[in-house]
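Here, each number is a calculation from the coordinates, and none is a lab measurement. None of these values were measured; they are calculated from a predicted model. FYI the Cβ positions are ideal-geometry reconstructions off the backbone, even for glycines, and counts take in every protein chain you see.
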C-alpha cells in the first residue's frame, strides 16, 4: 500500500502527485519494492533490512539521503498468545522528501505529536519519537497482563498461565534489546546532527527523544527483572500447591485403606472368626472405624 502526504501548516495530510513530500510504503509488493529502488535510489539490502524484524537498528549515510532502520513494537493480535513482537521501520530522508517503509499498515501520523512540524527533519524525528510512546504503551499492557496471570497462577494447577507469563518475559527481552538498539541509533544521530542539517529545535527534540528512550529502556529492564524473579517464585508456588494436593490425597487414601482392609478380611469366602456371632456386623464395623478415628486424631495432633 502506498500513501502520499503533504505538510499543510506543518501537519501531514494525505495528498496526491507533486504535492506529496512524504511517501509511506506499508508491506510493499515486489513491484513496489522495485519501484522504490529505481525511483529513490535506495539500496536493495537496506530496503530489505527495513522489512526484516530481526535486523538490528542502524544509521547509514548515502550520497543523497540518510537511511535509518529503527525498531518499533509490532501490532499485537490474539493469535500471538501473549508474545509481543518487534518489527523494523525504514526512514529515508532526502532534502525534499521523506520515504517511510513499513512491514505492516499502521496509523503513522495520529496523536498530538504530529500537530505541528516545522520541516521534514522534525517530522523524521517525531516518527522515531512515536515508536517510544508505542513501546511505553505496550509495557503498561504487559505489566497489567502479568499482574492478572500471577493471580491465576496462585489458584490454578494448570501450566497455561505459567506459559503465558513466560511469553511475556520473552517479549520483554525482545523489547529491551530493541530499545537499546534504538538508543545506539539516536546517539549516532546526535553526534551527526550538524552533518545531517538538524536545526537547534531538532537537536532539542533529539535530546528529549534520547532521554525518553533511556527511561523506556529502564522501565523495560525493571519489568523484565521483576518478571524473571517472579517466574521462579511462581514455579515454586505451583510445585508447593501440587505437594499439598498430593499430601491430602495420600491422607484420604490411608483413611480409606484401613477400613477397606478390615472389611475385606471378613468378606473372604472361608471360615472366619465371628462368622456365627449375632453381633458380627457391628463388631466388624467397630473394628473398621476405630483405626480411622485413631489415624485422624494423630494427623490433627501432629498437624500433618
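Using Cα atoms only, what is the angle between the long axis of helix 30-40 and the major principal axis of the chain, expressed in degrees (0 to 90) to the nearest 10? Taking Cα atoms only, the helix is inclined about 40 degrees. Against the chain, whose longest principal axis comes from its Cα atoms, helix 120-155 is set at around 0 degrees.
Decide, for segment 143-251, between rounded, prolate and oblate: order the square roots of the alpha carbon gyration tensor eigenvalues as a ≥ b ≥ c, take rounded if a/c falls under 1.5, and otherwise choose prolate if a/b is larger than b/c, else oblate. The shape class here is prolate.
For the pair residue 150 and residue 257, a Förster radius of 35 Å applied to the C-beta separation gives a FRET efficiency near 0.35, rounded to the nearest 0.05.
Say we join alpha carbon atoms closer than 10 Å with springs in a Gaussian network model of the chain; which of 197, 217, 111 then has the biggest fluctuation? Judging by the Gaussian network model, the answer is 111.
Please work out the FRET efficiency for the pair residue 15 and residue 245, using the Cβ-Cβ distance as r and a Förster radius of 51 Å; give the result to the nearest 0.05.
The calculated FRET efficiency here is 0.20.
Of interest is the spacing of the C-alpha centroids, which for segment 1-43 and segment 179-233 amounts to 27 Å. FRET efficiency for the pair residue 264 and residue 237, taken as 1/(1 + (r/R0)^6) with r the Cβ-Cβ distance and R0 = 45 Å, rounds to 0.70. Approximating the spin labels as points 7 Å out from Cα along Cα→Cβ, the residue 221-to-residue 58 distance works out to 2.5 nm. Taking the simple approach of a point 7 Å from Cα along Cα-to-Cβ for both residue 160 and residue 286, what is their distance in nm? Taking the simple label geometry, residue 160 and residue 286 are separated by 5.3 nm.
Look at 72, 190, 300, 115 and count the other Cβ atoms within 10 Å of each Cβ; fewest to most, that gives 300, 115, 190, 72. Taking every C-alpha pair closer than 8 Å and separated by at least 6 residues, the mean separation divided by the residue count of the chain gives a relative contact order of 15 percent. The alpha carbon gyration tensor of segment 71-173 gives principal lengths a ≥ b ≥ c with a/c of 1.5 or higher and a/b greater than b/c, which makes the shape prolate. Estimated purely from DSSP H runs of n ≥ 4, each contributing -39500 (n - 2.57), the mean residue ellipticity at 222 nm for the chain is -21000 deg cm²/dmol once divided by its residues. Tell me the angle of helix 200-265 to the major Cα principal axis of the chain, expressed in degrees between 0 and 90 and rounded to the nearest ten. Taking Cα atoms only, the helix is inclined about 10 degrees. Here the Gaussian network model covers the chain, with springs between Cα atoms less than 10 Å apart; of 128, 252, 196, 252 fluctuates the most. The label point for residue 77 and the one for residue 191, both projected 7 Å from the Cα toward the Cβ, are 4.0 nm apart.
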